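The values are calculated or read from the model by the stated rules, or taken from the named source; none is laboratory data. None of these values were measured; they are calculated from a predicted model. A quick note on method: Cβ atoms are made from the backbone with ideal geometry, for glycine too, and the neighbour counts reach across all protein chains shown.
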């Protein structure tokens, strides 16, 4: 795939497109990422059960997994309901590997490179986690925290990345 970013810096990490054989591992990562084992009221999880319809219905959407020692340990997806704005979804790193620096940022780089390659102008993501590491990662990659809204007693942090402005600034 031509939109791959620079070589990842995590020894032994291999990022590749989702394949049907990854379904069980992806479902497990999704389940591990649920807060207190609960699906958020605004999240049906239908995309996880229907990966090809959600992420491979056109070339502007995509889903990757990251493997280490032959095991899927992380995942990320890009989808969109709007022509110029992509949404990063399902960024998860297995609890056993969350202390390994660089896995989440490598996946974000793949997703952002994909978004640039396919002409998106903006990228958004949201999270219910307020962990300093997650917010710091989003900030480091260039996302701006745009708002926090309360949904069913939990804070949902929304982030935004302006690819048009980023590309314009890189050319100066």
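Total residues in the range 123-145 satisfying the condition of being at pLDDT 80 or above and either under 14 Å from residue 104 (Cα atoms) or surrounded by 12 or more Cβ atoms within 10 Å (Cβ to Cβ) (or both): the figure is 14. The criterion of being in contact with a helix residue (DSSP H, G or I) (Cβ under 9 Å, 6 or more places away or on another chain) and modelled with pLDDT under 90 holds for residue 10.
Give the residue, chosen from 61, 52, that is in contact with a helix residue (DSSP H, G or I) (Cβ under 9 Å, 6 or more places away or on another chain), over 16 Å from residue 93 (Cα atoms), modelled with pLDDT of 90 or more and surrounded by 18 or more Cβ atoms within 10 Å (Cβ to Cβ). Residue meeting the stated conditions: 61.
Residue 145 meets each of the listed conditions (1) part of a strand (DSSP E or B); (2) closer than 14 Å to residue 85 by Cα apart from (2).
For the structure I just gave you, tell me whether residue 137 is farther than 27 Å from residue 83 by Cβ and not in a strand (DSSP E or B). Give the steps one after another, and end with the answer.
Numbers: farther than 27 Å from residue 83 by Cβ: yes; not in a strand (DSSP E or B): yes.
When the stated conditions are applied, residue 137 passes them.
Among the candidates 136, 102, single out the residue that is touching a residue at least 24 places away in the same chain (Cβ under 8 Å) and over 16 Å from residue 18 (Cα atoms). Among 136, 102, only 102 is touching a residue at least 24 places away in the same chain (Cβ under 8 Å) and over 16 Å from residue 18 (Cα atoms).
Only one entry in 47, 22 is under 24 Å from residue 117 (Cβ atoms), in a helix (DSSP H, G or I), modelled with pLDDT of 95 or more and in contact with a helix residue (DSSP H, G or I) (Cβ under 9 Å, 6 or more places away or on another chain), namely 22. Of all residues assigned to the range 62-77, none qualifies as being under 26 Å from residue 118 (Cα atoms) and out of contact with any strand residue (DSSP E or B) (no Cβ under 7 Å at 6 or more places or on another chain). Looking at the range 25-40, which of its residues are at pLDDT 75 or above and outside any helix (DSSP H, G or I)? Hit for the range 25-40 is 33, nothing else.
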